[in-house]
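Comments concern the structure below.
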Amino acid sequence: MTTLVEQDPELIRQVREVLGADVTVVESLDRLGEHLATHPHEYAVVVGQSVDAGAAGAFAEASRIQQPALGVIMLRSFVDTEVLANALRSGMRDVIAVDDLTGLSSAVARSRTLSHAMSGTADRAVEAADGLLFTIFSTKGGVGKSLVATNVAAALADQGRRVCIVDLDVQCGDVAIMLQLNPLHTLADLTQLSGQIDPGGVESLLSLHSENLSVLAAPVQLETHVQPEQVSSVLETLKTMFDVVVVDTSGAFDDHALAALDHSDLLVLVGTLDIPALKSLKLAAGTLDLLNYPRERWRLVLNRADSKVGLSAKEFEETLGVTAAISIPSSRDVLAAVNRGETIVRSSAGHQISKTLTGFAGGLYADAAPASAEVTSGGSRRGNRRKLRAKKVS
Ligand SMILES: Nc1ncnc2c1ncn2[C@@H]1O[C@H](COP(=O)(O)OP(=O)(O)OP(=O)(O)O)[C@@H](O)[C@H]1O
Ligand SMILES: [Mg+2]
């Protein structure tokens with residue numbers, strides 16, 4: 001449930017319009033404290049603009065320690081980078097401008113998902129399996145996740161690994177298009193496996209793109225419902241079938257992404273050099289920290305990282321607190337390869353961007369593969385690895 005701290009009847013009305021009537025309203029932070037003491041399962045607090053920003057920040061800071069599953073979202077009449085940076089530093093999940101409340105319901109939804117995950121629903125046991133799994137993630141669309149996912153997958157396949165790329169962008173996945181594939185089966189056909197998710201069943205959903213590279217494509221039809229539990233079993237099964245599973249995600253912190261994160265050995269965060277992308281990655285980073293996904297297993301890719309765009313890579317890295325593993329500039333050659341349905345690592349192997357991506361893919365494999373494992377070209381590895389989720393959040 002969500003609680004709003006506000007006194008202005010007009011703002012209360014507007015928030016109720018966006019979030020529905022299911023919102024408890026209290027007039028001050030003191031009243032909020034009393035309310036939370038008797039309602040421990042609240043997942044979001046929206047602090048209205050009648051509450052002083054400093055007091056709201058102090059509340060968020062305390063709540064980060066005392067009730068980490070509770071998301072604090074602040075409403076302000078004016079949101080600039082300073083307001084945002086202060087809020088995020090104090091542990092708030094988001095700041096929304098009062099004249100544009102459209103982002104409020106998704107901010108509340110993210111809090112609900114996170115709270116849900118932290119209370120254990122998504123804390124599924126992770127089985128040891130043979131293959132590595134890399135999740136390509138961001139909480140913003142259009143930053144280059146699919147570009148990175150398809151190129152990393154193709155590069156690893158060319159390095160002799162048996163690779164499966166999974167398109168978990170179930171509403172709008174474009175991995176198949178980017179690889180010029182017309183898949184006969186997709187994740188939508190999972191329901192036909194009638195609960196029997198085993199290698200034989202999963203194999204029947206795959207499309208072979210090229211030597212060593214298989215694809216589990218996203219549903220073609222919108223509104224196809226794919227159960228996160230099934231996704232989890234599929235990923236676990238794929239890890240027993242392939243050397244590497246590369247998962248492309250949608251840009252939402254949803255149950256599918258959480259399922260992928262649960263099985264990930266490394267998490268590749270993709271960002272572009274702009275304030276909205278920085279904001280969304282900062283929020284994602286805070287959430288990943290809360291969920292105990294260890295930072296040493298994150299790899300940051302800065303895409304479209306050109307020199308004169310107003311925000312430098314250094315500023316981006318410092319604000320996010322993560323150093324980029326690679327930077328990819330904007331390039332017409334990238335776009336041209338995408339439009340031809342090719343990966344640039346294959347179509348222009350000598351291009352600097354291809355070399356960067358190929359080196360990055362090899363580095364991911366080297367970092368995640370157990371040092372003691374016997375690695376043979378094209379063969380599989382055996383050994384234990386530490387999964388991305390280090391420990392359960394209590
Ligand atoms: N470095 C680059 N140079 C030029 N074009 C790029 C670059 N990176 C990505 N693009 C283009 O930007 C568009 C978005 O990239 P992509 O589809 O990989 O992003 P995404 O994060 O997967 O988006 P979505 O969230 O919609 O799935 C594509 O048309 C892609 O070709
Ligand atoms: Mg994509």
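Among the residues of this structure, residue 245 does not count as one that is of a type outside the set (Gly, Ala, Ser), modelled with pLDDT under 95, crowded, with 20+ Cβ neighbours inside 10 Å and farther than 30 Å from residue 318 by Cβ. When you look at residue 259, is it more than 16 Å from ligand 1 (Cβ to nearest atom), over 18 Å from residue 150 (Cα atoms), touching a Gly at 6+ places or on another chain (Cβ under 9 Å) and aliphatic (A, V, I, L, M), yes or no? In short, no. Taking the criterion of being surrounded by fewer than 19 Cβ atoms within 10 Å (Cβ to Cβ) and at pLDDT 85 or above, the residues of segment 50-75 that qualify are 50, 52, 53, 54, 55, 58, 61, 62. The combined condition, being more than 22 Å from residue 100 (Cβ to Cβ) and in the same structural domain as residue 99 (by TED's automatic domain parsing), is fulfilled by residue 69.
Every residue, every condition in (1) modelled with pLDDT under 95; (2) part of a strand (DSSP E or B), yes or no:
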position: 317; (1), (2): yes, no
position: 325; (1), (2): no, yes
position: 330; (1), (2): yes, no
position: 333; (1), (2): no, no
position: 345; (1), (2): no, no
position: 354; (1), (2): no, no
position: 361; (1), (2): no, no
position: 364; (1), (2): no, no
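Where in segment 133-215 are there helices (runs of 4 or more DSSP H), lying fully within it, with 2 or more residues that are more than 18 Å from residue 234 (Cβ to Cβ) and more than 16 Å from ligand 2 (Cβ to nearest atom)? It comes to 145-158. More than 14 Å from the chain's Cα centre (by Cα), part of a helix (DSSP H, G or I), buried (at least 22 other Cβ atoms within 10 Å of the Cβ) and in contact (Cβ under 8 Å) with a residue 40 or more places away in the chain: does that describe residue 238? When the stated conditions are applied, residue 238 passes them.
The one condition from (1) of a type in the set (A, V, I, L, M); (2) within 26 Å of residue 143 (Cα to Cα); (3) surrounded by 23 or more Cβ atoms within 10 Å (Cβ to Cβ); (4) away from ligand 1 (no atom under 16 Å from the Cβ) that residue 190 does not meet is (2).
The values are calculated or read from the model by the stated rules, or taken from the named source; none is laboratory data. Keep in mind that this is a model prediction, so the values were computed, not measured. Positions of Cβ are backbone-derived with ideal geometry, glycine not excepted, and every protein chain shown enters the neighbour counts.
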